[in-house]
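Read through the structure below, which is laid out as structure tokens, and then see the notes.
The values are calculated or read from the model by the stated rules, or taken from the named source; none is laboratory data. None of the values given here were measured: they were computed from a predicted structure. We place every Cβ from the backbone using ideal geometry, glycine too, and count neighbours over all the protein chains shown. The accessibility values were calculated without ligands, DNA or RNA, using every heavy atom of the protein model including side chains. Shrake-Rupley method; radii C 1.70, N 1.55, O 1.52, S 1.80 Å.
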Amino acid sequence: MSSLDKGNKLEDAFYHYLLDQKKNGQLLLGAYPPENSKIFKKKTYYCKEREADVEFDIVIELYAQGRAHPHLYVIFECKNHDGNVSELHVNDFSSKIGRMFHHAVKGIMVVSSRLQSGADKVARNRRMGIVKYDQNGLEIVADRHGSPCVENGYVESQIFQRDYSRKSLKFSAYHDGKYFSTIAQLLRSIDPERPPEVEHEYVPASVPYVSIDAIKNSVKEVLAEVKYKGGPVNLERVCSALSIDLSHSDKDMRDIDGIPVLGSANFTRKLITINAHGNRNRERFTLGHEIGHFQLRHGAYLSSETIIERDLLIKETDSSLNYERLEYQANTFSSNLILPDEWFIKKTAEFRHYLGITNRGHGYIFVDDQPYNYTVYDQLLLSLSNYFEVSKQAIQIKLKSLGMLTDERKKNQESSMTQFLDALHLDRK
């Protein structure tokens, strides 16, 4: 694909994103009637210096009530580069705007990667806006005041930080020392005639803590809805019962940072898409994760979301970001949906009896490095794994979480939850 074609692809995607935002009322969140904003692609304006028309990628014209001419032109230049965008492109765009408009204009670079250090300094010093747009990224919901559920540090990492790539947002922006995760926030920040009632700091809406017991109760509601009576939980049937459309894709999907996307959820359309994994167990966990987002009503915070491998390893701490808390809750839901407590305890007792496992003073289920003990224990894991269609590692974690396993193997070094989750979700055997 040529650089021109790539640029047009980003331009088309961002243009339709803006149209969708206007259609659903998110473009300015009530600051103006919809007809007071006009969105154009390949818009031309006359340049006196060149004595000819000059074309811009995308333009939003904002009209104050009762005025025939725009009071603000917001001009977007789209750069869809594999590498970071250079200082040259920022300078050219800034000069182009300067020749055409002397006031009532704001230039914004739309990129699919990040700006080089020199380029971002030029953009900052010239008070240009910067937008990073990922068509397949996580899209947050803003309330009527434009407050999102993501923190400034998370948005900053999308545009400037290069040492650690967090999950990609669909829309992230920077202007005049501030960070924004919705187009409404950005436009309000640069609008010289914005209504005074919307002038306020954007404080992220906090995602509340949800206890494991509450999540398990939510799982029970779902299982009751599908009349679950044992065996591997039919996740396709769960989706149908919850009126969620489910689709599978054999494409290798990646975000703009090159990170594999395992699946996605669109809360507006009530759609889950599972991408190619190459591993049945992990696909089931991913689907359970996305179902968890719906059942836990995470659509109050997200319009759409994607799941990457790193999300499956997230732990909840006091310092967790909002999106991390959402992912942890969805992981907890999925693990309990795929391995329901009641049936897991029941089948463990049955297989334990069948294999002749008894409590000899070491615990309900005991394993150490003695060959016989390990062999019988492995047979138990395999039996439960086949019954529930999950990995043996997942069974082992469930046994530990329920206090049913005493593991005294010397090679058992799985002391951290991260290692447990890694075995649970990323098993490729």
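Observations, loosely collected:
- Residue that is modelled with the highest pLDDT, among those in the stretch 258-276 that are under 26 Å from residue 297 (Cβ atoms) and assigned to a loop (DSSP other than H, G, I, E, B): 270
- One residue from 390, 367, 376 being crowded, with 23+ Cβ neighbours inside 10 Å and either farther than 27 Å from residue 292 by Cβ or touching a Ser or Thr at 6+ places or on another chain (Cβ under 6 Å) (or both): 367
- Exclusive hit being at pLDDT below 80 and aliphatic (A, V, I, L, M), set 141, 122: 141
- Just one residue in the set 110, 90, 74 is within 26 Å of the chain's Cα centre (by Cα) and not acidic (Asp, Glu); that residue is 110.
- Residue, most open to solvent (accessible area, probe 1.4 Å), within the stretch 326-341, restricted to residues that are closer than 18 Å to residue 393 by Cα and of a type in the set (Gly, Ala, Ser): 335
- Summed over the stretch 295-320, the residues that are surrounded by fewer than 21 Cβ atoms within 10 Å (Cβ to Cβ) and touching a Leu at 6+ places or on another chain (Cβ under 6 Å) give a count of 1.
- Of all the criteria given as (1) closer than 30 Å to residue 257 by Cα; (2) open to solvent by less than 40 Å² (accessible area, probe 1.4 Å); (3) not basic (Lys, Arg), the one not satisfied by residue 355 is (1).
- Candidate set: the stretch 48-94, residues that are more than 22 Å from residue 187 (Cα to Cα) and assigned to a strand (DSSP E or B); chosen: the one most open to solvent (accessible area, probe 1.4 Å): 53
- Residue 344 fulfils the conditions (1) surrounded by 14 or more Cβ atoms within 10 Å (Cβ to Cβ); (2) at pLDDT below 90; (3) more than 28 Å from the chain's Cα centre (by Cα) except for a single criterion, (2).
- Residue satisfying all of: in the stretch 351-367; within 41 Å of the chain's Cα centre (by Cα) and not in a helix (DSSP H, G or I); nearest to residue 387 (Cα to Cα) among these: 365
- Scanning the stretch 23-47 for residues that are hydroxyl-bearing (Ser, Thr, Tyr) and either in contact with a Cys (Cβ under 7 Å, 6 or more places away or on another chain) or closer than 16 Å to residue 184 by Cα (or both) yields 32, 37.
Results for (1) under 17 Å from residue 213 (Cα atoms); (2) modelled with pLDDT under 90; (3) among the small types (Gly, Ala, Ser), shown as yes or no for each residue.
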{"position": "336", "(1), (2), (3)": "yes, no, no"}
{"position": "355", "(1), (2), (3)": "no, no, no"}
{"position": "358", "(1), (2), (3)": "no, yes, no"}
{"position": "362", "(1), (2), (3)": "no, yes, no"}
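- Some residue of the stretch 14-33 being touching a residue at least 40 places away in the same chain (Cβ under 8 Å) and on the phi > 0 side of the Ramachandran plot: yes
- Any chance residue 323 is closer than 26 Å to residue 246 by Cα, surrounded by 21 or more Cβ atoms within 10 Å (Cβ to Cβ) and among the hydroxyl-bearing types (Ser, Thr, Tyr): yes
- Hey, residue 255 in contact with a strand residue (DSSP E or B) (Cβ under 8 Å, 6 or more places away or on another chain), at pLDDT below 85 and open to solvent by less than 40 Å² (accessible area, probe 1.4 Å) or not: yes
- Pairs with Cβ under 8 Å, 6+ apart, first in the stretch 307-323 and over 14 Å from residue 275 (Cβ atoms), second at pLDDT below 80 and hydroxyl-bearing (Ser, Thr, Tyr): 313/418; 314/320; 315/418; 322/206
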